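Have a look at the structure below before the remarks.
What follows is calculated from the coordinates using simple rules that are stated; it is not laboratory data. None of these values were measured; they are calculated from a predicted model. With ideal geometry, Cβ positions are generated from the backbone for all residues, glycine too; neighbour counts draw on all protein chains shown.
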Amino acid sequence: MYARTIVADVIPSKADEAVRIFEEQIVPVIKEQPGFVSTAIYIDEDKKKAQTVSFWESKQAMLATSQGTPYLSKVTGMLRSCIVNRHYDLWEVGFSTDR
């Protein structure tokens, strides 16, 4: 399994909107992507930073939706009014459990 993390600064007072957009607009789109496993968004206590994590069945599935692809441009564009200074990382998952 593979994971992509995106960390970004949240525009002041836009954290709740970012979560709403993620839930209502991004999740339906990401669920359609081949090899998608799960995703989440995290907002820090001060609501100044956001991090998304998405999990993929294979490296190929993750790369098909990574930086520079039309998919990721579309999804990050949905959050353009809420976040800035995005940083992407790609990970191979060494261990995972759902509980």
Item to check | Members of the stretch 8-48 found to be within 12 Å of the chain's Cα centre (by Cα) and of a type in the set (Gly, Ala, Ser), listed by number | outcome: Ala8, Ala18, Ser38, Ala40
Checklist entry - If you go through the stretch 50-67 one residue at a time, do you hit one that is over 20 Å from Ser96 (Cβ atoms), touching a residue at least 24 places away in the same chain (Cβ under 8 Å), loosely packed, with under 14 Cβ neighbours inside 10 Å and in contact with a helix residue (DSSP H, G or I) (Cβ under 9 Å, 6 or more places away or on another chain)? => result no
Checklist entry - Which of the residues that make up the stretch 11-48 are part of a strand (DSSP E or B) and more than 21 Å from Thr97 (Cα to Cα)? => result Ile43
Checklist entry - Taking the stated definitions as given, is Ser96 in a loop (DSSP other than H, G, I, E, B) and in contact (Cβ under 8 Å) with a residue 12 or more places away in the chain? => result yes
Item to check | Ile41 vs. criteria touching a residue at least 60 places away in the same chain (Cβ under 8 Å) and surrounded by 17 or more Cβ atoms within 10 Å (Cβ to Cβ) | outcome: no
Item to check | Test: Asp89 is in a helix (DSSP H, G or I), exposed (fewer than 14 other Cβ atoms within 10 Å of the Cβ) and not β-branched (Val, Ile, Thr) | outcome: no
Checklist outcome for this item: Scanning the stretch 72-86 for residues that are in a strand (DSSP E or B) and not polar (S, T, N, Q), the one surrounded by the fewest Cβ atoms within 10 Å (Cβ to Cβ) turns out to be Val84
Checklist entry - Of all residues in the stretch 49-71 being part of a strand (DSSP E or B) and aliphatic (A, V, I, L, M), which is farthest from the chain's Cα centre (by Cα)? => result Ala50
